[in-house]
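Visitor: Below is a structure I'd like to ask you about.
The values are calculated or read from the model by the stated rules, or taken from the named source; none is laboratory data. What you see is a predicted model, and the numbers here were worked out from it, not measured in a lab. Heads up, the Cβs are rebuilt from the backbone with ideal geometry, glycines too, and the neighbour counts pull from every protein chain shown. Protein only, heavy atoms only, side chains kept; ligands, DNA and RNA dropped before computing areas. Shrake-Rupley method; radii C 1.70, N 1.55, O 1.52, S 1.80 Å.
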Amino acid sequence: MSTRDSEDADRLALIVGLGNPGPRYAGNRHNVGFLVTDELAERVGGKFKRHKSGADIAEGRLDGTRVALAKSRSLMNLSGGPVAGAARFYKVAPESVIVIHDELDLAYGTVRLKRGGGENGHNGLRSISKSLGTRDYLRVRFGVDRPPGRMDPADYVLRDFSRTERSELGFFVDRCADAVSTLAAKGLEAAQNEFH
């Protein structure tokens with residue numbers, strides 16, 4: 001095995017699911033990042049444990065890639081500190097951090113992957129960009145659709161998925177987890193080609 005192969009085999013992907021901690025928020029649209037990260041933890045056979053970064057972390061291998069899965073113990077709007085702390089602990093460059101989050105501008109269940117860009121009013125992303133000192137990290141956007149009528153988007157994302165949405169949620173979470181796994185193992189272009 002070449003030095004590069006051994007470096008690739010030892011490379012770690014830091015995968016962050018955004019959400020708010022605690023049972024009160026568990027079924028909210030804003031917590032879809034947590035749902036996908038929970039699915040990934042099941043796949044790697046990892047259990048989340050408290051970590052000094054301020055996140056709960058589960059480690060394992062996902063399709064052969066070493067991963068650290070992170071869920072901040074702070075509220076969504078303060079996610080940046082724990083994410084930056086985990087990135088420093090694992091020596092992962094900001095460009096290699098993968099953040100899974102809800103996206104109002106995508107139809108429900110749609111998954112889109114990109115690097116960088118604006119925060120589009122998402123306070124969790126804003127906090128991460130500020131703490132990492134860059135917007136140039138990987139994003140896995142899970143569509144939750146626009147709020148109906150004149151409902152405030154902030155109220156909408158803090159509501160639970162509807163009964164109709166819940167009937168398909170498991171399928172969409174599973175598909176999003178597949179996209180994250182491909183992104184971590186094969187890179188952005190390969191994952192976009194497969195899931196867009």
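Visitor: All but one of (1) part of a strand (DSSP E or B); (2) free of Cβ contacts under 8 Å to residues at least 40 places away in the same chain hold for L113; which doesn't?
Guide: (2)
Visitor: May I pose another question? Report, ordered by the first and then the second residue, all pairs with beta carbons closer than 7 Å, sequence separation of six or more or different chains, a first member in the stretch 184-196 that is polar (S, T, N, Q), and a second member that is open to solvent by less than 40 Å² (accessible area, probe 1.4 Å) and modelled with pLDDT of 95 or more.
Guide: So the pair list comes out as Q192/L113.
Visitor: Any residue at all in the stretch 101-123 that's farther than 21 Å from T182 by Cβ, open to solvent by less than 30 Å² (accessible area, probe 1.4 Å) and not aromatic (F, W, Y)?
Guide: Yes - at least one qualifying residue is present in the stretch 101-123.
Visitor: Name the pairs: first residue in the stretch 81-94 and closer than 19 Å to R115 by Cα, second residue open to solvent by 40 Å² or more (accessible area, probe 1.4 Å) and of a type in the set (D, E), Cβ to Cβ under 8 Å, at least 6 apart or on different chains?
Guide: Note: pairs meeting the criteria are P94/D136.
Visitor: In the stretch 137-158, how many are closer than 30 Å to V67 by Cα and open to solvent by 60 Å² or more (accessible area, probe 1.4 Å)?
Guide: Counting residues in the stretch 137-158 that are closer than 30 Å to V67 by Cα and open to solvent by 60 Å² or more (accessible area, probe 1.4 Å) gives 2.
Visitor: Name the one entry in T134, T164 that is out of contact with any strand residue (DSSP E or B) (no Cβ under 9 Å at 6 or more places or on another chain), touching a residue at least 40 places away in the same chain (Cβ under 8 Å) and under 26 Å from F195 (Cα atoms).
Guide: T134
Visitor: OK, next. Of (1) under 21 Å from A154 (Cβ atoms); (2) in a strand (DSSP E or B), S74 satisfies all except one. Which?
Guide: Condition not satisfied by S74: (2).
Visitor: Another one. Considering only the stretch 32-73, state which residues are in contact with an Asp or Glu (Cβ under 8 Å, 6 or more places away or on another chain), farther than 18 Å from G85 by Cβ and either open to solvent by 40 Å² or more (accessible area, probe 1.4 Å) or touching a residue at least 60 places away in the same chain (Cβ under 8 Å) (or both).
Guide: Across the stretch 32-73, the qualifying residues are V32, E39, R66.
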